Amino acid sequence: MKLPKFSEHQRHIGIIGHRISHSMSPAMHTASFRKLNLDYDYGVMDVSPDMLPNLIAALRTLNFRGANVTVPYKEAVIPLIDEVSEEAKLIGAVNTIVNNNGRLLGYNTDAHGVYISLAYYAEEIKNSHVVIFGAGGAARATVYAVAKFFSPKRIMIVNRTLEHAKQIVDEFSPKFRLTKFFYTNEHDVTCRELDVASTIINTTSVGMKPLVNFHVLPPGAVIQKEQIVLDIVYNPLETALLRFAAASGARTISGIDMLLGQGAKAFELFTHSEFPMHTAREAVAKELLQKNGNGL
Ligand code: ATR
């Protein structure tokens with residue numbers, strides 16, 4: 001797919017979702033535009049499902065440069081736009097739309113966020129076992145990124161609804177030959193896999209405010225020293241999973257890198273400018289602090 005052209009007249013960008021008052025994207029992108037003196041505004045477009053087609057049509061006509069897309073519309077926007085990147089097609093979800101003079105192009109930048117979060121550990125993940133909790137949209141981007149960029153020997157998807165996990169395994173198995181894919185919802189299978197995993201990733205919303213005392217690990221599960229544990233939840237930054245993992249001496253990664261990583265790639269698609277990472281991180285920290293007294 002060709003890179004979108006930049007139009008001087010497209011000033012508006014925003015996030016499309018439903019019940020998204022918690023979103024950090026407005027603060028993160030607005031601070032970044034200001035830092036680089038870019039003349040964009042960034043709004044929240046919280047719409048009910050029946051209004052989604054109208055909103056997408058309005059992006060073309062109302063001078064929108066583009067939009068981020070979040071829950072619950074990352075899959076629903078696909079048939080409403082004009083072109084979808086190969087990566088987003090494979091993942092099955094679009095989280096960034098760029099308006100290229102009336103043509104809406106869809107991308108998935110969540111995979112880049114996962115890559116950024118784990119890149120430091122690439123050598124350790126290669127040829128190892130990875131356990132991924134969840135089988136929703138975030139899990140799909142995570143499974144894709146882990147398989148594509150780190151080529152582990154094995155990915156085990158753990159999800160309460162087995163069918164959702166099976167679907168991801170069926171789709172991804174033929175695409176990534178270096179990795180073997182498995183799925184389960186059984187506690188003992190999960191515990192055995194956790195014992196031999198290099199890396200454990202939570203992509204579910206378990207642990208997110210207000211359910212901050214919960215984590216996805218089955219009863220009796222053990223995390224070992226040196227294991228790599230990523231939680232894509234960023235509110236709170238230190239989830240119950242990360243607290244438990246850190247207490248065992250694991251190396252923990254919070255969801256902020258994923259948030260900033262996906263934001264960086266979306267920002268660059270919108271503006272063709274380099275994302276001011278430091279400014280964005282500070283803006284997110286400030287927003288988290290303001291919203292619930294929980295900074296970096
Ligand atoms: P997202 O796009 O953020 O990934 P999603 O598509 O709704 O959101 O997926 C959420 C994932 O978290 C799913 O895998 C869901 O499990 P199911 O497939 O069984 O629905 C998982 N999830 C959400 N709440 C959960 C909970 N309380 N316990 C276990 N898994 C949960």
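Remarks
- Normalised by 2.2 N^0.38 Å, where N counts its residues, the alpha-carbon radius of gyration of region 124-163 equals 1.13.
- Taking every Cα-Cα distance in region 156-225 and sorting them into 10 Å bins from zero, the calculated P(r) comes out as 18, 46, 31, 5 percent.
- When the chain is described by a simple charge dipole with +1 on each Lys and Arg Cβ and -1 on each Asp and Glu Cβ, the residue from His272, Asn54, Gly43 located farthest towards its positive end is His272.
- Fully extended contour minus Cα-Cα distance, from Leu162 to Asp82, at 0.36 nm per residue: 25.5 nm
- Label point 7 Å beyond Cα of Leu62 along Cβ direction - residues of region 82-108 with amide nitrogen under 19 Å: 82, 96-105
- Hull volume in cubic angstrom per residue (convex hull over the Cα atoms of the chain): 125
- C-alpha center-to-center spacing [region 74-96, region 234-296] in angstrom: 24
- Annotation note: GluC sites (Glu not before Pro) in region 169-236 located in DSSP loop regions with a Cβ neighbour count of at most 14 within 10 Å are Glu186, Glu226.
- Label-point separation, Asp46 to Glu226 (7 Å along Cα→Cβ), nm: 4.7
- Ellipsoid equivalent to region 236-296 - semi-axes via the Cα gyration tensor, in Å: 26, 15, 8
- If both residues of a DSSP beta bridge must be in the chain, then about 20% of such bridges are antiparallel.
- Diffusion coefficient, µm² s⁻¹, Stokes-Einstein with Kirkwood Rh over alpha-carbon pairs of region 121-242 at 20 °C and 1.002 mPa s: 150
- Amide H partners (placed H, <5 Å) of Tyr183, local residues excluded: Ile157
- Zero-based 5 Å bins, Cα pair distances in region 194-296, whole percents: 2, 13, 20, 21, 17, 13, 9, 4, 1, 0
- Under the Karplus curve 6.51 cos²θ - 1.76 cosθ + 1.60, θ = phi - 60°, whole-Hz ³J(HN,Hα) for region 196-208, x wherever Gly or Pro sits: 10, 7, 7, 9, 10, 10, 9, 10, 8, 8, 5, x, 6
- Cα pair count fraction exceeding 28 Å, expressed as % - region 54-199: 25
- Working from Cα pairs under 8 Å separated by at least six residues, relative contact order for region 61-166 is 23 percent.
- Cα pair count fraction exceeding 23 Å, expressed as % - region 1-114: 23
- Simple spin-label estimate for Leu289 and Phe182 in nanometres, 7 Å along Cα-Cβ: 4.5
- Exposed-site-free run, longest, the chain (rule: chymotrypsin sites (Phe, Trp or Tyr not before Pro); DSSP loop; at most 14 other C-beta within 10 Å): 7-213
- Trypsin sites (Lys or Arg not before Pro), loop per DSSP, at most 16 other Cβ atoms within 10 Å - longest free stretch of the chain: 20-125
- Where only C-alpha atoms are counted, convex hull volume of region 132-190 per residue in Å³: 65
- Bridge type composition, region 73-198 - antiparallel percent by DSSP, nearest 5: 30
Coordinate-derived values only; no laboratory data. Only a predicted model underlies this, so the values are computations on that prediction, with no experimental measurement involved. Ideal geometry is used to build each Cβ from the backbone, glycine not excepted, and the neighbour counts take in all protein chains shown.
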